[in-house]
Amino acid sequence: MLFFEPLRLSMAIPLGDLCYMKILIIGGSGTIGKKVAAAFAHKHELIIAGRNSGDINVDISSAASIKGMFELTGKVDACICTAGTGYYGPFETMTQEHVLPGIGNKLIGQINLVLIGKDYLNEGGSFTLTSGIAAQHPAKNGACVAMINGAVNSFALAAAQELKQDKRINVVSPGLVEDSKDRYGAFFPGYNLVPMSKLVNAYILSVEGAVNGRILKVYS
Ligand SMILES: NC(=O)c1ccc[n+]([C@@H]2O[C@H](COP(=O)([O-])OP(=O)(O)OC[C@H]3O[C@@H](n4cnc5c(N)ncnc54)[C@H](OP(=O)(O)O)[C@@H]3O)[C@@H](O)[C@H]2O)c1
C-alpha cells in the first residue's frame, strides 16, 4: 500500500523500498536547504527550522534554543543541518573576535544538534551536517571557515563510532553551489560550480542510504 500524503509518524515505517520519515531540516529555507527540502517533501514529513524562517524558530548557537526545538518536534527520524556561517576576511588582521562567532554557530551549533538531538532521534535515524570545500581547499580569506569545516568533519567521524541504536551521522561537504554563484562567486575564483541536483543527492544518500561516518564531498 502506498501513501502519497505526508504522514505524522513517531517512527519510520519501512514499506518495501520506501520508508516514510519525519525529517527536521535546520536551515531548510536557505539556498541549499530549500533544494534539499524540495527533494524530500513529496515522500517524507518535513519540519523546517530557522532563526526567522520555517515552521519552528531555532538559533543553533544556543543550546537552550536547540533543546526547545527538539521539545517541539518530538522524536524525528532524520536531522539535517544546512545552517551555519563563519568569518571570511583577511588573515593578516584576523583575531579571535572574528573567529569565535562562527565556532559558536556553525561548529558548536552543529555539535550541539547531535549531542542534544541524539536523544530525540529514533532508532536507526540519522544526522546530516554540512561543512564545505574550504576544509580541504580553502579560498583566500578563508582560514576561519576552513578550520570550522574541518572540525565539523572530524567531529562526525568520531561521533559515528559512538552513536548507539544504529543511529548514523554523515557530513555533506559542498563546493560552491550553482545557486550561490552571484552571492559568493567572486570570493572563490577558479572554483567549479556544483550542480544543485548533485549536491542534493548527497543529502539523500545520507538520509535514505546506509552510509555512516562519511564526509560526502560534492566538489571536484
Ligand atoms: N552556498 C554554498 O555555495 C556553500 C558552499 C559550501 C558550504 N556551504 C555551507 O552550506 C550551509 C548552507 O549554506 P547556504 O548557502 O544554503 O546558506 P544560506 O542561504 O545563508 O541559508 C542558511 C539557512 O540557515 C538558517 N540559519 C542561519 N543561521 C542559523 C542559526 N544560527 N540557527 C538556525 N538557523 C540558521 C537561515 O535561516 P534564518 O535566517 O531564518 O535563520 C537560512 O535558512 C552553510 O553551512 C554554508 O557554509 C555553502
Cα centroid separation - region 44-72 against region 162-220, whole Å: 21 Å
Estimated 222 nm signal from helices in the chain, with DSSP H stretches of n ≥ 4 weighted -39500 (n - 2.57), rounded to 500: -10000 deg cm²/dmol
Environment charge of G124, counting only residues whose C-beta is closer than 10 Å and scoring Lys/Arg +1, Asp/Glu -1: -1
Shape box of region 100-220 [Cα atoms, principal axes, largest first, Å]: 44, 33, 19
Furthest towards positive pole of dipole, I25, P195, L115, structure part the chain, Cβ charges: P195
Once exposed loop chymotrypsin sites (Phe, Trp or Tyr not before Pro) are cut out (DSSP; at most 13 other Cβ, 10 Å), longest piece of the chain: 5-220
Net charge dipole size for the chain [Lys, Arg +1 and Asp, Glu -1 on Cβ; Debye, nearest 20]: 200 debye
Solution diffusion estimate, µm²/s, Stokes-Einstein, the chain, Kirkwood Rh from C-alpha pairs, 10 °C, viscosity 1.306 mPa s: 91 µm²/s
Cβ-based net charge around N105, under 11 Å, with every Lys or Arg adding one and every Asp or Glu removing one: +1
Gaussian network model of the chain, Cα within-10 Å springs - most flexible of D55, D182, D166: D182
Proximal charge balance of S65 [Cβ under 10 Å; K/R count +1, D/E count -1]: +1
Exposure proxy ranking, count of Cβ atoms within 10 Å, fewest first, for R183, R168, R214: R183, R214, R168
Ranked list, fewest to most other Cβ atoms within 10 Å of each Cβ, for L129, L46: L46, L129
Set of lysines with alpha-carbon distance to K167 below 16 Å, sequence-local pairs under 8 removed: K22, K75, K118
Sequence of T82, T95 once ranked by neighbouring C-beta atoms within 10 Å, starting from the fewest: T95, T82
Between helix 196-208 and the chain: long-axis angle, C-alpha atoms, 0 to 90°, nearest 10: 50 degrees
Gain in span if fully extended, N52 to L193, counting 0.36 nm per residue against the direct Cα distance: 48.0 nm
Gain in span if fully extended, E162 to N212, counting 0.36 nm per residue against the direct Cα distance: 16.9 nm
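Just so you know, all these numbers are worked out from the coordinates, no wet-lab data involved. Since the model is a prediction, treat every value here as computed from it, not as a measurement. Glycine gets a Cβ as well: all are built from the backbone with ideal geometry, and neighbour counts include every protein chain shown.
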